[in-house]
Amino acid sequence: MAELSLKEQLNDAVKDAMRNKDKTRLVTLRMAQSAVRQIEIDERRDLGDEDVLKVLDKMLKQRRDAASQYDDAGREELGDKERAEMVIIEEFMPDALTEDDLDALIRMSISATDAQGMQDMGRVMNDLRPQVLGRVDMGHLSKKVRDALAG
């Protein structure tokens, strides 16, 4: 049997959350479904797994930023809500890369793009992006690439 697409996995998870009466999970998964559907409507196309990963990655980043802002404002209960949603979304993301794997990918990408310095950062990032999507925070990746190119 073929492996389910990310969209199908989301749909199944929504059904399970409804059956289990898990309100937090249901609301979070429906938000993800809605974000995917909105892009499909706007762009008049079906989204594949890579596109769905981009949507989920964006949702994670939004929640990470919101949790940080809530914590800074002393609203831990709202920060905890954002972190709970992050845990649910992360279930659909590929396994995170280790620092060693990330360093190896950066070295290979710098070599493959023949990058010489900071002026080539865009080329290196564009080469890495499809390989690391959903597996590493892009801000962290950017810092590591910058450090590697700086020397």
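Computed quantities for the displayed model
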| quantity | calculated |
| --- | --- |
| Checking MET86 against (1) in a helix (DSSP H, G or I); (2) over 19 Å from MET138 (Cβ atoms), the condition it does not meet | (2) |
| Single unsatisfied condition, ARG135 versus (1) part of a helix (DSSP H, G or I); (2) surrounded by 16 or more Cβ atoms within 10 Å (Cβ to Cβ) | (1) |
| Which listed residue is without any contact (Cβ under 8 Å) to a residue 40 or more places away in the chain, surrounded by fewer than 18 Cβ atoms within 10 Å (Cβ to Cβ) and part of a helix (DSSP H, G or I), from LEU149, LEU105, LEU128, LEU141 | LEU149 |
| Test for ASP42: is it without any contact (Cβ under 8 Å) to a residue 24 or more places away in the chain, in the same structural domain as ASP16 (by TED's automatic domain parsing) and within 21 Å of ASN11 (Cα to Cα) | yes |
| Flag if ILE88 is under 29 Å from LYS7 (Cβ atoms), modelled with pLDDT of 95 or more and over 20 Å from the mean Cα position of the chain (by Cα) | no |
| Count of residues meeting criterion [touching a Pro at 6+ places or on another chain (Cβ under 8 Å) and either aliphatic (A, V, I, L, M) or not in a helix (DSSP H, G or I) (or both)] in region 40-56 | 1 |
| Check on GLY48, surrounded by 11 or more Cβ atoms within 10 Å (Cβ to Cβ), on the phi < 0 side of the Ramachandran plot, in contact with a Phe, Trp or Tyr (Cβ under 7 Å, 6 or more places away or on another chain) and of a type in the set (Gly, Ala, Ser) | no |
| Subset tally (residues that are farther than 18 Å from ASP137 by Cα and either of a type outside the set (Gly, Ala, Ser) or surrounded by 12 or more Cβ atoms within 10 Å (Cβ to Cβ) (or both)) for region 60-83 | 10 |
| Among the candidates ALA66, ALA112, residue that is under 30 Å from GLN33 (Cβ atoms) and not hydroxyl-bearing (Ser, Thr, Tyr) | ALA66 |
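The values are calculated or read from the model by the stated rules, or taken from the named source; none is laboratory data. Predicted model only: the values in this text are computed from it and were never measured. Neighbour counts are summed over all protein chains in view; Cβ atoms, including those assigned to glycine, are modelled from backbone coordinates with ideal geometry.
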